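Visitor: Questions regarding the structure given below will be posed in turn.
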Amino acid sequence: MADKTFDAVIVGGGNKALLLALYLIKYGGMSVGIFERRHEIGGCLATEEISAPGFRGNTHANIILPWYYAPIWRDFPEFWDYGAQWEQHKCSDGFVFRDKENCLAIYSHKHDPTQERTAKEIARFSEKDAETWLNLQSVAESDEYLRVTMDALFKPVEDRGLPEVAQRQADIFPKVLEAGFLPDSLTFKASSMRAAQEWFDSPELQSCILRFAVSSVIDINDSGSGMMTMGMGATLPTIGFARGGTHQIAHAAHQILVQLGCQFFTNAEVDRAIIENGTATGIRLTDGSEIAARKLVVSTLSPHQLIFDLIGEEHVDDQTKRRVRLIQDTFGCLMWYSFAVHEAPIYKAEAFNPDIHECQWLGLQPDPDPMHIARECLYERLHKFPPLEDYAPTVGCHSLVDPSFAPPGKHVVQNEQLAPPATAFSESEWLEIKKRYADELITLWQDYAPNMTWDNVIGVDTNSAFDHCRMKNLGTGMASTL
Ligand SMILES: Cc1cc2nc3c(=O)[nH]c(=O)nc-3n(C[C@H](O)[C@H](O)[C@H](O)COP(=O)(O)OP(=O)(O)OC[C@H]3O[C@@H](n4cnc5c(N)ncnc54)[C@H](O)[C@@H]3O)c2cc1C
């Protein structure tokens, strides 16, 4: 006899779980129970006072794109009022280059809806790229492009081969051609690096696009990512963040779900799915209790956990097991530091363009050559940090736009840097690496922003690939030992 019964049982209480539960209850009319291993729900929708008291940092996502929650704002209008709000910096993306102390600012849609201002900045490096940029943005704003994007983002994989989906892709073709982006077989097979170099002349713009591709977990040396480079470029002006931190999104979903009658169980680690006659009929928690599902059991964990922990490999065919074992989970691991500071960084490149001061996703590079980014990816493949000259960190300061991130007059700056996976080092080695990286970053940052010395720092959160395994679903081998 089960200890509890729901129509739908959801394993994990993060982003996917909360949003799915909204729909299962309101539109599916089901009773839902959410089972979360940690002490609270939200998963990677997490914002904490991490670097110092009063200074908030997102322990995971900082980039929130406008379409992430578009269906929720439409189907649950109270979601925004309950705190799931979206905001943009003046410059959504950009790069500063140390050699000439100059920079390229990509203005956000909020501050440059036509992208003319951005085109003027790009023209300081290449007139031709400025024209290509405006062409790209006009494709990106067309109904045809938006339809294809919505198919790619929101259609289940099995529906993506439908004739109407193929027709929508054909409809965009003339526009892409007209804009000068030849989608031939070479471009489809090309790496992001090659495509960016083919379409744009200035290494400054190439670097902006390619560094964002890395933040989207693309190794820019990989063949087959060429056409994606177009989408990466089109996305730069749309980069934004969650007002008050991503945890506000979890709070907003939680409020609606409580009103809808959803039940939450924290400190409730799921051990197994209960399988009867080939069908999942419930779950067993690590404390031995059993929960029955009348209609469905949903896992929001990693494919590895789903197959090998929850279902059990005896229920899964060999090809699926092999495919899941081969999923790569060691590229795109990050150092994700947050610094509480007295003063926001003041860049030497502000003499070139003062607006670069307020940039959400700002790359730092010794010179504009995107090979730094390409080499950084190659080093990560080897599970190594690159030499200092090839670090291509991004930095940004939400508190310039959203004062809720820091006490009055103070600021919080965050950083992203590719890093080896958690499994590459032992716990004690990570402790050393985390200290060393903080010093390296501050040394490097000062070359671009002379006020970024340790004297300006009140506190630092050294959030590494090792620490990210606190979400058991984010690390396979390592997480099970934590
Ligand atoms: C450092 C970092 C930076 C990131 N930055 C960005 C960014 O800028 N923009 C962006 O879009 N994305 C970013 N991401 C990715 C984004 O955070 C995740 O893709 C997203 O949160 C995944 O949501 P989810 O629901 O799949 O998983 P999660 O939000 O991780 O939720 C899964 C939940 O399942 C729980 N769980 C695990 N095992 C069990 C178990 N056995 N039983 C019960 N519960 C369990 C976990 O504790 C967790 O709460 C980043 C990720 C990291 C690690």
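Visitor: Considering the stretch 10-33 alone, what residues qualify as being farther than 18 Å from TYR69 by Cβ and more than 9 Å from the ligand (Cβ to nearest atom)?
Guide: Once the filter is applied, which keeps residues that are farther than 18 Å from TYR69 by Cβ and more than 9 Å from the ligand (Cβ to nearest atom), the stretch 10-33 yields ILE10, GLY28, GLY29, MET30, SER31, VAL32, GLY33.
Visitor: Another question, if that's okay. Based on what the data block shows, is GLU121 within 30 Å of LEU444 (Cα to Cα), open to solvent by 10 Å² or more (accessible area, probe 1.4 Å), of a type outside the set (A, V, I, L, M) and at pLDDT 95 or above?
Guide: yes
Visitor: Of all residues in the stretch 240-295, which are touching a residue at least 24 places away in the same chain (Cβ under 8 Å) and among the polar types (S, T, N, Q)?
Guide: If the condition is that a residue be touching a residue at least 24 places away in the same chain (Cβ under 8 Å) and among the polar types (S, T, N, Q), then THR246, GLN248, GLN255, GLN263, THR266, ASN267, SER289 are the ones that fit.
Visitor: Take the residues in the stretch 439-466 that are farther than 16 Å from GLY396 by Cα and aliphatic (A, V, I, L, M); name whichever of them is most open to solvent (accessible area, probe 1.4 Å).
Guide: So the residue we want is ILE458.
Visitor: Now a separate question. Would it be correct to say that VAL148 is open to solvent by less than 50 Å² (accessible area, probe 1.4 Å) and not aromatic (Phe, Trp, Tyr)?
Guide: Yes; evaluated as a whole, the condition is true for this residue.
Visitor: In addition: Give GLU198, GLU204 a once-over and let me know the one that is part of a helix (DSSP H, G or I), free of Cβ contacts under 8 Å to residues at least 60 places away in the same chain and of a type in the set (Asp, Glu).
Guide: Checking each option against the conditions leaves just GLU198.
Visitor: Name the residue, out of PHE352, PHE405, PHE385, that is assigned by TED's automatic domain parsing to the domain that holds SER108 and open to solvent by less than 10 Å² (accessible area, probe 1.4 Å).
Guide: Among PHE352, PHE405, PHE385, only PHE405 is assigned by TED's automatic domain parsing to the domain that holds SER108 and open to solvent by less than 10 Å² (accessible area, probe 1.4 Å).
The values are calculated or read from the model by the stated rules, or taken from the named source; none is laboratory data. Note that the coordinates shown come from a computational prediction; the quantities given were computed from them, not determined experimentally. Backbone-built Cβ (ideal geometry, glycine too); neighbour counts: all protein chains shown. Accessible surface areas use protein heavy atoms only, side chains included; no ligands, DNA or RNA. Shrake-Rupley method; radii C 1.70, N 1.55, O 1.52, S 1.80 Å.
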